[in-house]
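Have a look at the structure below, then the notes.
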Amino acid sequence: MSDDETLRTYAAKAATYAELVSASVDKDAMLPAFLSALPQNAHVLDLGCGPGHFAAAIAAKGHQVTATDAVQEMVDLADQHKGVTAQLARFDQITGTDIYDGIWANFSLLHAARAEMPTHLAALHRALKPRGVFHIALKSGEGSKRDRLGRLYTYYTEKELTALLNKAGFTVTGSRRGRDTGLDGAVADWIGLAAHG
């Protein structure tokens with residue numbers, strides 16, 4: 001995530017966003033499936049962790065969680081959760097090979113520019129251990145646009161996202177669709193895909 005207006009919005013709305021995310025963790029149907037696919041004592045990357053509630057839920061299951069976000073206010077919130085190590089990092093700063101047993105990219109990469117997505121996915125595939133677990137969720141649709149708060153979104157169809165994951169080396173193992181109300185108050189469709197390296 002490198003769009004300055006998007007980052008400023010999240011910085012200004014950090015506390016409000018934390019309340020929204022906190023209320024959604026227990027209702028999230030994708031997290032249990034992700035957790036069940038992890039080995040014991042896994043090392044998990046929460047990419048674009050926001051206030052860290054999902055990272056905390058993963059850590060509570062006995063996993064080591066490295067949480068990254070491009071907004072310092074979000075990193076500060078995430079770092080307050082037990083078992084979570086949070087650090088400031090953009091998507092293009094994820095490097096390394098065979099580090100993580102799982103990567104949770106939950107409604108974060110939707111802020112990356114479409115042209116940059118293949119590079120980000122390739123880097124994540126390298127950082128994931130062989131047969132590691134990968135989760136990605138994005139708003140579904142086509143094109144790119146800003147919401148009423150100024151955040152830039154890039155939308156994907158399931159077919160397009162699956163093709164991008166396959167090209168990066170992932171094997172898609174499942175999908176889920178939904179419709180929720182976001183921080184801007186708008187109701188939007190989303191797609192979540194489960195994959196492995």
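Quick notes on this structure:
- Considering residues of the stretch 85-102 that are β-branched (Val, Ile, Thr) and part of a loop (DSSP other than H, G, I, E, B) only, the residue nearest to the chain's Cα centre (by Cα): 94
- When 61, 82, 27 are checked against the criterion of being touching a Leu at 6+ places or on another chain (Cβ under 6 Å) and either farther than 24 Å from residue 152 by Cβ or in a strand (DSSP E or B) (or both), a single residue qualifies: 61.
- Against the criterion of being over 19 Å from residue 32 (Cβ atoms), buried (at least 21 other Cβ atoms within 10 Å of the Cβ) and in contact with a strand residue (DSSP E or B) (Cβ under 9 Å, 6 or more places away or on another chain), residue 113 does not qualify.
- Some residue of the stretch 97-119 being out of contact with any Phe, Trp or Tyr (no Cβ under 6 Å at 6 or more places or on another chain), farther than 21 Å from residue 162 by Cβ and of a type in the set (A, V, I, L, M, F, W, C): yes
- Looking across the stretch 170-197 at every residue that is modelled with pLDDT under 95 and not in a strand (DSSP E or B), the one that is surrounded by the fewest Cβ atoms within 10 Å (Cβ to Cβ) is identified as 185.
- Conditions (1) surrounded by fewer than 20 Cβ atoms within 10 Å (Cβ to Cβ); (2) in a helix (DSSP H, G or I): number failed by residue 124: (1)
- Filtered residues of the stretch 40-55 (kept if out of contact with any Asp or Glu (no Cβ under 7 Å at 6 or more places or on another chain) and either modelled with pLDDT of 95 or more or more than 12 Å from residue 82 (Cα to Cα) (or both)): 40, 41, 45, 46, 47, 51
- Only residues that are assigned to a loop (DSSP other than H, G, I, E, B), under 16 Å from the mean Cα position of the chain (by Cα) and farther than 28 Å from residue 101 by Cα were counted across the stretch 148-160, and they come to 1.
- Residues being buried (at least 20 other Cβ atoms within 10 Å of the Cβ) and either of a type in the set (Gly, Ala, Ser) or part of a loop (DSSP other than H, G, I, E, B) (or both) - total across the stretch 39-56: 8
- Residue check for residue 68: touching a helix residue (DSSP H, G or I) at 6+ places or on another chain (Cβ under 6 Å), in contact (Cβ under 8 Å) with a residue 12 or more places away in the chain and among the hydroxyl-bearing types (Ser, Thr, Tyr): no
- Single match in 167, 145, 129 (criterion: of a type in the set (Lys, Arg), part of a helix (DSSP H, G or I) and either surrounded by fewer than 13 Cβ atoms within 10 Å (Cβ to Cβ) or on the phi < 0 side of the Ramachandran plot (or both)): 167
- When 15, 33, 105, 11 are screened for being part of a helix (DSSP H, G or I), under 22 Å from residue 178 (Cα atoms) and among the hydrophobic types (A, V, I, L, M, F, W, C), only 33 passes.
- Residue selected from the stretch 59-70 under the condition surrounded by fewer than 24 Cβ atoms within 10 Å (Cβ to Cβ) and of a type outside the set (S, T, N, Q), by the criterion farthest from residue 110 (Cα to Cα): 62
- Tabulated pairs, the stretch 168-197, first closer than 20 Å to residue 145 by Cβ and hydroxyl-bearing (Ser, Thr, Tyr), second at pLDDT below 95 and in a strand (DSSP E or B), C-beta under 7 angstrom, 6+ apart or interchain: 181/187
The values are calculated or read from the model by the stated rules, or taken from the named source; none is laboratory data. Nothing here was measured: the structure is a model prediction, and the numbers come from that model. Cβ atoms come from the backbone with ideal geometry, glycine included; neighbour counts cover every protein chain shown.
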